[in-house]
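In what follows, a single structure is set out as structure tokens and then discussed.
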Amino acid sequence: MGSKILRTLVLLTTGVLATSVAIAGTPDPNLSTVPNVLVSPSGIFTYNVTVVSSDGPVNGALVQLSFSTEAAGLVCWCDGQTQPLIESTSNASGVASFNISAGGCIDPSLVSSPPAVEVFANGFLLKEVGVVSVDSVDPAGLLPTQGWDNGGICTAGLADATYHTPTLKSGAYNFCTDLDSDGDCDLDDAVALTPGLKLGWSCTEAP
Ligand SMILES: [Ca+2]
Ligand SMILES: [Ca+2]
């Protein structure tokens, strides 16, 4: 009887150890930072996902941006840009960086079949997010979710400037203008938007 209890205890302890080993290094959605996916027709914007576990930043994590069929169909992908699954590996600080060449703003609450984009780290779902870009609308001012037609060119043009300016002026919140995903539309977003709008970043859309 005594040895049976001992054996049970040993098994239990082993189980607990195995569990804590599995948890160590596991990406924690609550500790990780996952902004909305930031894209630009020039591919200049850098989008960062920071993967953190209970032990701290996770080095070498495979970070995957998985666009739904609907979201991938709405984005204006530049010719040559890999999609709908985009991958990067985190560095020693837990940061996985992406330079995605594309246009289009996708508010995940406006797609027909959410989620729009799922972000995974080592296979663990970190967050469901949307997409923001300096190129948010088509020349007629329509968003992707409003049935935009960019005419085969992803571009940060006059219509985009017209679209973003009122929000930046008033400071009212607009999902598509909040490029840094911090919940407001302020000078930081204006600074991020200005070069692309000024230089008219553009690319040819993938066939
Ligand atoms: Ca545009
Ligand atoms: Ca902001």
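The values are calculated or read from the model by the stated rules, or taken from the named source; none is laboratory data. Keep in mind it's a predicted model, so treat the numbers as computed, not measured. Here the Cβ is made from the backbone with ideal geometry for all residues, glycine too, and neighbour counts use every protein chain on show.
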Condition check for residue 42: among the polar types (S, T, N, Q), out of contact with any His (no Cβ under 6 Å at 6 or more places or on another chain), within 27 Å of residue 176 (Cα to Cα) and not in a strand (DSSP E or B):
yes
For the stretch 163-171, indicate whether the set of residues that are surrounded by 12 or more Cβ atoms within 10 Å (Cβ to Cβ) and touching a strand residue (DSSP E or B) at 6+ places or on another chain (Cβ under 9 Å) is non-empty.
no
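Which members of the stretch 111-139 meet the condition of being within 16 Å of ligand 2 (Cβ to nearest atom) and either on the phi > 0 side of the Ramachandran plot or not β-branched (Val, Ile, Thr) (or both)?
Across the stretch 111-139, the qualifying residues are 130, 133, 136.
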When residue 119 is run through (1) among the hydrophobic types (A, V, I, L, M, F, W, C); (2) touching a Lys or Arg at 6+ places or on another chain (Cβ under 6 Å); (3) assigned to a loop (DSSP other than H, G, I, E, B), the failure sits at (3)
Scan the stretch 130-137 and give yes if some residue there is in a loop (DSSP other than H, G, I, E, B), of a type in the set (Val, Ile, Thr) and within 9 Å of ligand 1 (Cβ to nearest atom), otherwise no.
yes
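Residue 168: modelled with pLDDT of 95 or more and more than 15 Å from the chain's Cα centre (by Cα), yes or no?
Working: modelled with pLDDT of 95 or more: no; more than 15 Å from the chain's Cα centre (by Cα): yes.
The answer is no for residue 168.
Identify the residue in the stretch 45-62 that is of a type in the set (Gly, Ala, Ser) and part of a loop (DSSP other than H, G, I, E, B) and, among all such residues, is farthest from residue 92 (Cα to Cα).
Result: 54.
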Assess whether residue 201 counts as being away from ligand 2 (no atom under 16 Å from the Cβ) and either within 22 Å of residue 48 (Cα to Cα) or touching a Lys or Arg at 6+ places or on another chain (Cβ under 8 Å) (or both).
yes
Going by the conditions given, is residue 101 hydroxyl-bearing (Ser, Thr, Tyr), closer than 22 Å to residue 155 by Cα and more than 16 Å from ligand 2 (Cβ to nearest atom)?
yes
Which of the residues spanning the stretch 138-159 are in contact with a Leu (Cβ under 6 Å, 6 or more places away or on another chain) and either near ligand 1 (Cβ under 9 Å from one of its atoms) or part of a strand (DSSP E or B) (or both)?
148, 156
Unique match (being closer than 17 Å to residue 128 by Cα, modelled with pLDDT of 95 or more and not in a loop (DSSP other than H, G, I, E, B)) among 65, 31
65
